[in-house]
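Below: one structure, written as structure tokens.
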Amino acid sequence: MDNLWLILFWSGPIGLGIFLALFGVFVWLLAKADEIRKRTRAMEEELKQKGINLSRESKLRRVLRSS
């Protein structure tokens with residue numbers, strides 16, 4: 001049992017491999033989210049130049065504010 005613990009623990013090869021794989025997925029997801037944010041911001045600026053106003057305000061918020 002002690003040998004299995006050493007293999008699967010963080011300092012072991014399997015634990016370290018799992019950690020690095022999950023860390024890589026985390027960095028990839030952060031990069032993808034940043035790319036989506038940049039594309040969304042660029043699209044909003046392009047539509048704003050064309051005169052189309054996209055409000056981030058929800059319909060519920062507008063209804064609650066008006067009442």
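Pick out, from 64, 21, 11, the residue whose Cα sits farthest towards the positive end of the charge dipole of the chain, with +1 on the Cβ of Lys and Arg and -1 on the Cβ of Asp and Glu. Of the options given, the answer is 64. I'm spelling it out carefully: the read-out is mean projected area of the Cα convex hull in nm², the candidates are [x] 8.5; [y] 4.5; [z] 5.1, and one was derived from this structure. Which label? This structure yields the entry labelled [x]. With a Förster radius of 35 Å applied to the C-beta separation of residue 38 and residue 66, the computed FRET efficiency comes to 0.55.
Taken one residue at a time, the phi angles of the stretch 22-36 give Karplus couplings (6.51, -1.76, 1.60, θ = phi - 60°) of 5, 5, x, 5, 4, 5, 4, 5, 5, 5, 5, 5, 5, 5, 5 Hz. Gly and Pro are set to x. Around the Cα centre of the chain, unit charges on the Cβ atoms of Lys, Arg, Asp and Glu (plus for the first two, minus for the last two) sum to a dipole of about 740 debye.
Here, each number is a calculation from the coordinates, and none is a lab measurement. Note that the structure is a prediction, hence the values are computed from the model and not measured. Neighbour counts run over all protein chains shown; Cβ positions are idealised from the backbone, glycine included.
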